[in-house]
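Chemist: There's a structure below that I have some questions on.
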Amino acid sequence: MAFYIASIIAILATVMVITRYNMIHALLYLVVSFLAVAVIFFMLGAPFVAALEVIIYAGAIVVLIIFVIMMLNMKEESVEQERKWFSKNIWIGPGILALVLLGELVYILVTSERVLLNNAVVDSKAVGMSLYGPYIIGVELCGLLLMAGIVGAYHLGRQRRKVIHRFLEKTEE
Amino acid sequence: MGGLLLIAPGLIWLERRLLAVWQDRYGPNRAGPLGVLVVLADTLKLFFKEDWIPPFADKKVFVLAPAIVVITVLMSFVIVPFSPGFIVVDLNIGLLFFLAMSSMGAYSIILGGWASNNKYSLLGAMRGAAQMISYEVFMGLSLMGVVLITGSFSLHDIVEAQRNMWFVVPQFLGFVIFLIAGIAETHRLPFDIPEAESELIAGFHSEYSGMKFGMFFVGEYIGIMLISCMVTCLFFGGWLGPAFLPPIVWFVLKMFAFIALFILLRASLPRPRYDQLMEFGWKILLPLSLLNVMITAGIILWNENPL
């Protein structure tokens, strides 16, 4: 029961993310959607993943996106523009195609055999064992990607320090 | 939970009296014995003030923001073990739950500042967001040493593991980093850069009035209590202590010692510049906390199988 409530909240919130014209409101719905997904994870016996979902997705990533949008200083004009872009004849085609796919998915889910969920709790140790056991290559690749990102960010953010002085004005390398 | 909301105004009185003592003044001493009733007067004033929503603000978000800070902090108290049987729920991911809630608390600042539609609020909100995101990182990392030694995220287990020695001894570095990050998370002086009265009027809450401001205010004080509780649990043995006092008394005593430390810091330290704060965080605290995790893990591995 609680599972279905959380799932419905997640789906509704995600629909609201797409249909809101105001970016910040859309992002708030995205946070609600992440929280609902975290509740689902928790109920399926993965409390560690649930906590990480809240900390990383809802807590850090969306905060950073909101941060950028705050800097862009979106006002009423951008809401108007969003409204113009979101006209009916633009979304109706992809909408119908996606509905067909959704129908197929529901058909597959209904006709396939049911697997009963065993609510064994996966604790953090088990997560660590599988990450550094069978999935070690994925962890290493993620580490490489992050390293590249950090180096890139450092390069972009580097600035030459300018020393301003009456007699010796120079730019440090 | 109601008790916490009652203690928070008491803390405001305590803070004003202690500040006065440390600054050689009297502080509020007229209303009631030792001026305790000044809290009542303050609260009544907050309740009866005009609750004004600026016409240029984003109304829904503006109303939502102050609620978030109180909700997230109160939710965090769910996992604090006050004494052996006195805990709401002993989650096996207790510590992660605390971190998750404190990261959600960042939204109250961002949304409050953004919805006010005021340039000072926006500046305060941006500083607050950057500060909270970056200090969360070290906060989480500094706790990992404790988790490594205990082998569990549950706060009850962590307190039980300190029967022989408080974790402040083997994890002193972690304790210092957690305390600094905790002050930054509650954006208290000296790290109250998001609200810096002298530069940003009041930062993210300059448009708030009445009880909406009161929520931010109370949220900040409950936040102090929460960080003090966490420091007590994680590094100072929680309810453990000599048997002549009941466990809950030990817990409360330790907690109030840390609250007094918070107030002393406010009374004595100047506010750093914003870029200094971020630089201090990323260039000093992050490497130190990573080093702390690495050394702790190394020692544990060595103890398990020394070559």
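Chemist: Hey, rough spin-label estimate for A:Thr19 and B:Asp275, points 7 angstrom out along Cα→Cβ, what's it come to in nanometres?
Modeler: 4.7
Chemist: For the protein assembly as shown, take the alpha-carbon Rg, divide it by the Kirkwood Rh, and send me Rg/Rh.
Modeler: Numbers: Rg = 24.8 Å, Rh = 25.1 Å.
Dividing the radius of gyration by the Kirkwood radius yields 0.99.
Chemist: State to the nearest 20 debye the size of the charge dipole of chain B about its Cα centre, where the only charges are +1 on K and R beta carbons and -1 on D and E beta carbons.
Modeler: The calculated dipole for chain B is roughly 520 debye.
Chemist: Amide H to amide H under 5 Å from B:Gly237: which residues, 5+ apart in sequence or cross-chain, H placed 1.01 Å off N in plane?
Modeler: Amide H to amide H, under 5 Å and 5 or more residues apart or across chains, B:Gly237 pairs with B:Phe167.
Chemist: Given R₀ = 56 Å, what would the calculated FRET efficiency be for B:Leu301 paired with B:Asp24, taking r from the Cβ atoms and rounding to 0.05?
Modeler: 0.60
Chemist: Let me ask another. Subtract the Cα-Cα distance of B:Ser209 and B:Leu245 from 0.36 nm times their separation in residues, and report this length gain in nm to one decimal.
Modeler: That pair, B:Ser209 and B:Leu245, stretches by 8.6 nm at full extension.
Chemist: With θ taken as phi - 60° and the coefficients 6.51, -1.76 and 1.60, list the Karplus ³J(HN,Hα) couplings across region B:39-53 in order, rounded to whole Hz; mark glycine and proline as x.
Modeler: 5, 4, 4, 4, 5, 4, 4, 4, 5, 8, 5, 5, 8, 9, 10
Chemist: For region B:221-232, just list the computed ³J(HN,Hα) in residue order, Karplus coefficients 6.51, -1.76 and 1.60, θ = phi - 60°, integers in Hz, with x standing in for Gly and Pro.
Modeler: 6, 5, x, 4, 4, 5, 5, 4, 4, 5, 4, 4
Chemist: Moving on. I need the P(r) histogram for region A:2-122: all alpha carbon pairs, bin width 10 Å from 0 out to the longest distance, whole percents.
Modeler: Result, from short to long distances: 12, 29, 33, 20, 5, 0 percent.
Chemist: OK, next. How would B:Asp51, B:Asp42 line up from fewest to most surrounding beta-carbon atoms within 10 angstrom?
Modeler: With the sparsest Cβ surroundings first, the list reads B:Asp51, B:Asp42.
Chemist: Please compute P(r) over all alpha-carbon pairs of region A:75-141, binned at 5 Å starting from zero, and give each bin as a whole-number percent.
Modeler: Computed distribution, short to long bins: 3, 11, 9, 8, 8, 9, 13, 12, 13, 12, 1.
Chemist: Here's another thing I want to ask about it. In what sequence do B:Thr186, A:Thr111, A:Thr14 fall when counting other Cβ within 10 Å, fewest first?
Modeler: Final ranking by Cβ density, sparse to dense: A:Thr111, A:Thr14, B:Thr186.
Chemist: Between B:Val169 and A:Met71, what's the calculated FRET efficiency when r is the beta-carbon distance and R0 is 56 Å? Round to 0.05.
Modeler: 0.80
Chemist: What is the Cα convex hull volume of chain B when expressed per residue in Å³?
Modeler: Details: hull volume 42.8 nm³, N = 307.
Once divided by residue count, the hull of chain B is 139 Å³.
Chemist: Have a look at B:Gly94, B:Gly219, B:Gly113 and tell me which one the Gaussian network model of chain B (Cα, springs below 10 Å) gives the largest fluctuation.
Modeler: Highest fluctuation among the options: B:Gly94.
Chemist: Rg and Dmax of region B:158-307, Cα atoms, in Å?
Modeler: 18.4, 65
Chemist: Return the aspartates and glutamates within reach of A:Lys88: Cα separation strictly under 13 angstrom, same-chain partners fewer than 8 residues apart disregarded; answer none if there are no such residues.
Modeler: Cross-link targets: none qualify.
Chemist: Based on C-alpha coordinates, I'd like the Rg and Dmax of region B:1-95, in Å.
Modeler: 18.1, 51
Chemist: Now, a different point. Using the alpha-carbon atoms, what tilt in degrees (0 to 90, nearest 10) does helix B:286-304 show relative to the longest principal axis of chain B?
Modeler: 30
Chemist: Can you give me the Cα centroid spacing of region B:268-307 and region A:76-90 in angstrom?
Modeler: Centre-to-centre (Cα) distance: 48 Å.
Chemist: Something else about it: Using 7 Å Cα-to-Cβ label points, what is the A:Leu144/A:Glu113 separation (nm, one decimal)?
Modeler: Once both label points are built, they end up 4.0 nm from each other.
Chemist: To test your reading of the geometry: what angle, between 0 and 90 degrees and rounded to tens, separates the Cα axis of helix A:2-19 from the longest principal axis of chain A?
Modeler: That helix lies at roughly 50 degrees to the long axis.
Chemist: Ok, one more. Take B:Met104, A:Met129 and order them by how many other Cβ atoms sit within 10 Å, fewest up front.
Modeler: Final ranking by Cβ density, sparse to dense: A:Met129, B:Met104.
Chemist: I'd like the projected area of region B:234-307, averaged over all directions, using the convex hull of its alpha carbons. Report it in nm² with one decimal.
Modeler: Mean projected area for region B:234-307: 8.2 nm², to one decimal.
Chemist: Quick check: pseudo-label points 7 Å beyond the Cα along Cα→Cβ at B:Ala41 and A:Ile5, how many nm apart are they?
Modeler: Here the answer is 4.6 nm between the modelled labels.
Chemist: Quick check: Cα centre of region B:26-101 to Cα centre of region B:160-234, how many Å?
Modeler: Here the two parts' Cα centres lie 13 Å apart.
Each reported figure results from applying straightforward, stated rules to the coordinates on display, with no laboratory input. These numbers were taken from a predicted model, which means no experiment stands behind them. Heads up, the Cβs are rebuilt from the backbone with ideal geometry, glycines too, and the neighbour counts pull from every protein chain shown.
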